[in-house]
Ligand code: GEK
């Protein structure tokens, strides 16, 4: 399943006397593409569909080209989601070239190592929509006239008590046609469902070449770092933040993606 051109994730392949808290440092950045593809079922599908969703939204474009329309990828890592948005907008520009002058894509991540590599990747893409990469906490990022915001597997790393404020800020900064893609690892109220989904996720990782020890050491490193919630908890919070609709558009085992409209 994995692509040989990517550097292989071996971070937890040998036994570690003490497992430190997972962090998005240089070691993780080096293997990140391989790690996320082999660990998150449906990741590539979500990225692919982000392009389609970006294209599906209909911004109010004007001939004067003076209203900037925001597209934000919060927790952008190496920029996979923002590049998918960019591909979608480039296709949109074939029908309405004004999008090239009006769209502004912003990628935000608070890992300096991730941002450095992300900027390098983004610089290789010469299609015409401008992209700005910012190294800061997404809790600090101003959101302005946003058409699409992606929070792909990032809200799960934000302290629980800060999540509503973040979603409320995103909602306030969106225009009336705007949408949010929220992708997360989730947990379940039902112990049986939890066990089934966790086992299937384990089997997915195992089929992708991770050993039992790697899976277990990574799980320990992520404990209290990645805090998953139920789909209902996400829907309730999205509604509290002001979103009118929040629907699951994708699920694979304990990984889901929701789309919420302003
Ligand atoms: C993708 N969306 O490939 N502010 C900014 N960034 C943060 C914060 C924060 N407070 N907390 C964590 N991050 C990507 C994948 S990875 C998901 C997202 C994963 C960043 C962190 O540095 C990392 O790059 C990203 O969120 C989460 O579509 O690895 O499971």
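A quick yes/no check of all residues on (1) in contact with a strand residue (DSSP E or B) (Cβ under 9 Å, 6 or more places away or on another chain); (2) modelled with pLDDT of 95 or more:
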residue: 195; (1), (2): no, yes
residue: 208; (1), (2): no, no
residue: 218; (1), (2): no, no
residue: 229; (1), (2): yes, yes
**Prompt:** Looking at (1) surrounded by fewer than 13 Cβ atoms within 10 Å (Cβ to Cβ); (2) not in a helix (DSSP H, G or I), which is the one condition that is false for residue 161?
**Reply:** (2)
**Item:** Condition met for residue 144 (over 15 Å from residue 50 (Cα atoms) and either out of contact with any helix residue (DSSP H, G or I) (no Cβ under 7 Å at 6 or more places or on another chain) or buried (at least 22 other Cβ atoms within 10 Å of the Cβ) (or both))
**Value:** yes
**Complete:** By residue number, the members of region 122-145 that are within 20 Å of residue 180 (Cβ to Cβ) and more than 16 Å from the ligand (Cβ to nearest atom) are 129, 144, 145
**Single condition residue 153 does not satisfy, out of (1) within 12 Å of the ligand (Cβ to nearest atom); (2) touching a helix residue (DSSP H, G or I) at 6+ places or on another chain (Cβ under 6 Å); (3) on the phi > 0 side of the Ramachandran plot** = (2)
**Message:** Of the residues 80, 112, 84, only one is farther than 14 Å from residue 148 by Cβ, touching a residue at least 24 places away in the same chain (Cβ under 8 Å) and within 12 Å of the ligand (Cβ to nearest atom); which?
**Reply:** 80
**Message:** Taking the condition of being closer than 20 Å to residue 73 by Cβ, at pLDDT below 90 and assigned to a loop (DSSP other than H, G, I, E, B), how many residues in region 24-45 meet it?
**Reply:** 1
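The values are calculated or read from the model by the stated rules, or taken from the named source; none is laboratory data. Please read these numbers as outputs of a predicted model, since none were measured by experiment. Virtual Cβ from ideal backbone geometry, glycine too; neighbours counted across all protein chains shown.
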